[in-house]
Amino acid sequence: MVAVAVAPPIIRLTPKQETFCLRYSESSMNTTEAAISAGYSPRTARVIGYENLLKPYISARIAELRQMAVDASIAGKTERQQVLTEIVRGRLANFVGKGATSENLKSAALQEITITGEGITKTTKVKLHPIATAIDLLNKMDGLYHDGAQVNIDNRQQNINIQVTSEAARNMTQAVIDGAGTG
């Protein structure tokens, strides 16, 4: 006899159930408030809200909605690349003089802007994020620094394996290891 895995049936939520799931997952509403917001009678909302949470397909939908909210709050690879590219393309001229607009001041390239003074004598100090750092991070994200092998950037120690074939070579190698002649 062969066991066959059967997918559970797809259960469609009613509009009220879907609204209940949305309201319950997206806010600090309790089950009663979410049920009332979904259109259930205030008189029965407490019981219906509780019963809804006991239904596996409703609990699963609430979990799915909460996971979607978490996923949306985390910057994906494309978004991170866009921010780093904005830093790379940032130019000082975009933030001073006629180039300074309210839209430019929202740029990821802008690390700091300080305006001091009053009236006509105002001083503007603009600091941009380092372009080289952004390029470096983009290159790392794209895997441009190595071909998949582990790269050791710590040059304080180097392991060298040498096969010594004679006694004289072994003595010379040991002398180098011991630091002879390096003083």
Q) Do any residues in the range 114-125 that are more than 18 Å from F95 (Cα to Cα) have Cβ atoms under 8 Å from those of residues that are modelled with pLDDT under 75 and exposed (fewer than 10 other Cβ atoms within 10 Å of the Cβ), where the two are at least six apart or on different chains, and which pairs are they? A) none
**Q.** Single residue of the range 15-37 satisfying the filter (within 22 Å of Q67 (Cβ to Cβ) and of a type in the set (V, I, T)) that is farthest from the chain's Cα centre (by Cα)
**A.** T31
Q) Can you tell which of R43, R23, R80 is among the charged types (D, E, K, R), out of contact with any Phe, Trp or Tyr (no Cβ under 8 Å at 6 or more places or on another chain), over 30 Å from I131 (Cβ atoms) and not in a loop (DSSP other than H, G, I, E, B)? A) R23
Q | For Y40: the one exception among (1) farther than 30 Å from T124 by Cβ; (2) under 15 Å from the mean Cα position of the chain (by Cα) | A | (2)
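Scan the range 59-75 for residues that are in a helix (DSSP H, G or I) and out of contact with any Asp or Glu (no Cβ under 9 Å at 6 or more places or on another chain) and jot them down.
To start, the set of residues in the range 59-75 that are in a helix (DSSP H, G or I) comprises 59-73.
Scanning the range 59-75 gives S59, A60, I62, A63, E64, Q67, M68, V70, D71, A72, S73.
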Q | Subset tally (residues that are in contact with a Gly (Cβ under 6 Å, 6 or more places away or on another chain) and modelled with pLDDT of 80 or more) for the range 113-160 | A | 1
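Identify the residue in the range 83-99 that is part of a helix (DSSP H, G or I) and in contact with a strand residue (DSSP E or B) (Cβ under 8 Å, 6 or more places away or on another chain) and, among all such residues, is modelled with the highest pLDDT.
First pass over the range 83-99, keeping only residues part of a helix (DSSP H, G or I): 83-89, 92-94, 97-99.
Keeping just the survivors that are in contact with a strand residue (DSSP E or B) (Cβ under 8 Å, 6 or more places away or on another chain) gives 87, 92.
On the way: I87: 82, L92: 75.
Out of the qualifying residues, it is I87.
Identify, please: which residue in the range 43-52 is surrounded by 15 or more Cβ atoms within 10 Å (Cβ to Cβ) and of a type outside the set (G, A, S) and is, among those, farthest from E33 (Cα to Cα)? If you could, list the steps in order and put the result at the bottom.
If we filter the range 43-52 for residues that are surrounded by 15 or more Cβ atoms within 10 Å (Cβ to Cβ), which is where we start, we get 45-46, 48-49, 52.
Checking the rest, the ones that are also of a type outside the set (G, A, S) come to 46, 48, 52.
Values: R46: 8, I48: 11, N52: 13 Å.
So the residue we want is N52.
Determine whether E112 is among the acidic types (D, E), touching a Leu at 6+ places or on another chain (Cβ under 9 Å) and outside any loop (DSSP other than H, G, I, E, B). Spell out how you get there, then give the answer.
Working: among the acidic types (D, E): yes; touching a Leu at 6+ places or on another chain (Cβ under 9 Å): yes; outside any loop (DSSP other than H, G, I, E, B): yes.
Against the criterion (among the acidic types (D, E), touching a Leu at 6+ places or on another chain (Cβ under 9 Å) and outside any loop (DSSP other than H, G, I, E, B)), E112 qualifies.
The values are calculated or read from the model by the stated rules, or taken from the named source; none is laboratory data. No experiment lies behind these values; they were computed from the predicted model shown. Reconstructed Cβ throughout: ideal geometry from the backbone, glycine too, with neighbour counts over all protein chains shown.
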